[in-house]
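Only one structure is covered here, and it is reproduced in the block below.
None of the figures in this text is laboratory data; all of them are computed from the coordinates on show. Quick caveat: nothing in here was measured; it's all calculated off a predicted structure. All Cβ positions, even for glycine, are placed from backbone atoms using ideal geometry, and neighbour counts span all protein chains on display.
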């Protein structure tokens, strides 16, 4: 495997008395695609949110390319620019056009040349099939379109790691595919990604490694074929069974 | 209806209307500044100031302007601060309006969901950039209807100024009624002048609301 770009050591996250994540450790190699699955409430999303310091952590250490990600750090904004995140609810800025949604951070935060970023943004929009929507407002887009714009917005910052937090969970079934195809494309390009999802066949297709998270810890991890076909733990077996249906006829 | 009387006293009314408008707008401008400050204190829960602002808002919103004016007009000289009717009127209106504006702005700020802020942070924006580019534009759109309602409310409240002997519209009307007993004409003029001031403001509010409607709605 390549060198590690992201490492998490003994991460502990608590909300008051409630422990959400306990002693979670793993590392991610450059270009690796990690899919995190697990029952709802197991801390998958919280784990992602800790990685770009949207959540302060109570123990352990997260390092991006050797630099510590700390929610109190002075250069936090600089670190966050290197970690892109896409949310379940898209979170486009409703008062800005598609293009401005994409341009605002590269231009204002990274101080890059507007025309240069715009050219890149248009190219990416073209790739996700949305160049015709560049001047549209988020309210005029379908869920799947919004999510593709959100992905382009994250990509334009040139992040080294991309986090996807259940990005298709709020979408109508027929729109899930168009978003997943974009992410599959990014995997082919060799982007480093951590993906939280409930789409098991997608997970199987895209993951280099699958993490099964339960009760605040990584219970099982492995190659997708191993995990989905031969889960080692009873909890993982139980979880995977919830996606299967017995024939009723 | 005695039209001659109406025409004769139009100039006096214009003067009074001008005074009402001037003091009203000054008071509204100060109210807006106080409101922005208080809304920011409450939104960011700034320690020490936060509870003080709450006390101010409760007092200001739950007492009538007339009483507030009396306090300022008759009370302040007792502790050695001289007052004159005009600054007293502006001060009273600002004291009252500040709290209403604060609540209008706060509801705008709080209408912007926390995850929008997180989304901006995830893009590497600083707190200030997030406020400027993401929170304020959306909050402003939501605040406009309440803000305009407050402007109209405060302009109408200026009718209480006559109580501290300001020669505003209401004072002029009462004065002339007392002198000439032309009640119908006087009250007609009074209503007409308030409408002349308030209708354009109301119209401006509608236009603003329509233009900003989409800014805050839906992701």
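Tell me, what is a quarter of the convex hull surface for the C-alpha atoms of region B:22-212, in nm² with one decimal?
13.2
Can you tell me how region A:202-249 classifies by the Cα gyration tensor, rounded, prolate or oblate, using a/c under 1.5 as the rounded cut?
oblate
If each of residue B:156 and residue B:10 carries a label point 7 Å out from its Cα toward its Cβ, how far apart are those two points in nm?
Inter-label distance under the simple model: 2.7 nm.
Where does helix B:183-212 land angle-wise versus the long Cα axis of chain B, in degrees 0 to 90, nearest 10?
20
I need to check one value: relative contact order of region B:35-114, counting alpha carbon pairs closer than 8 Å and at least 6 residues apart, in percent.
This gives 50 percent for region B:35-114.
For region A:1-125, build the convex hull from the C-alpha positions and give me its volume per residue in Å³.
In region A:1-125, the Cα convex hull volume per residue is 153 Å³.
At R0 = 22 Å, how high is the FRET efficiency between residue B:188 and residue B:67 if r is their beta carbon distance? Nearest 0.05 is fine.
0.15
Relative contact order, percent, of region B:22-212 when contacts are C-alpha pairs under 8 Å separated by at least 6 residues?
25
Can you run the Rg to Rh ratio on the protein assembly as shown? Use alpha carbon positions and the Kirkwood inverse-distance Rh.
1.15
Kirkwood hydrodynamic radius for region B:105-219: how many Å is it when counted over pairs of different Cα atoms?
In region B:105-219 this quantity evaluates to 17.2 Å.
Once the Cβ-Cβ distance between residue B:181 and residue B:49 is put in as r, and R0 is 45 Å, what FRET efficiency do you end up with, to the nearest 0.05?
Once rounded, the FRET efficiency stands at 0.25.
Could you list B:56, B:121, B:74 in order of exposure, starting from the residue whose Cβ has the fewest other Cβ atoms within 10 Å?
Fewest-to-most ranking of B:56, B:121, B:74: B:74, B:56, B:121.
Give me the Kirkwood hydrodynamic radius of region A:1-69, using the inverse of the mean 1/r over all pairs of distinct Cα atoms, in Å to one decimal.
12.5
Largest first and in whole Å, give the semi-axes of region A:91-197's equivalent ellipsoid, each being the square root of 5 times a Cα gyration tensor eigenvalue.
21, 17, 12
If the label point is 7 Å along Cα→Cβ of residue B:115, which residues in region A:76-101 have backbone nitrogen under 14 Å from it?
Answer for region A:76-101: A:86-94.
In whole Å, what are the Cα extents of chain A along the three principal axes, biggest one first?
55, 54, 37
First measure r as the distance between the Cβ atoms of residue B:74 and residue B:196, then evaluate 1/(1 + (r/R0)^6) with R0 = 22 Å and state the FRET efficiency to the nearest 0.05.
It comes to 0.10.
Please give, to one decimal in nm, the separation of the simple spin-label points placed at residue A:184 and residue A:17, each 7 Å out from Cα toward the Cβ.
4.8
Which angle between 0 and 90 degrees, to the nearest 10, do you get for helix A:173-188 versus the longest principal axis of chain A when only C-alpha atoms count?
Between helix and principal axis, roughly 90 degrees.
Hey, what's the per residue convex hull volume over the C-alpha atoms of region B:1-120, in cubic angstrom?
169
In whole percent, what relative contact order does chain A give with Cα contacts below 8 Å and a gap of six or more residues?
Worked out over chain A, it gives 25 percent.
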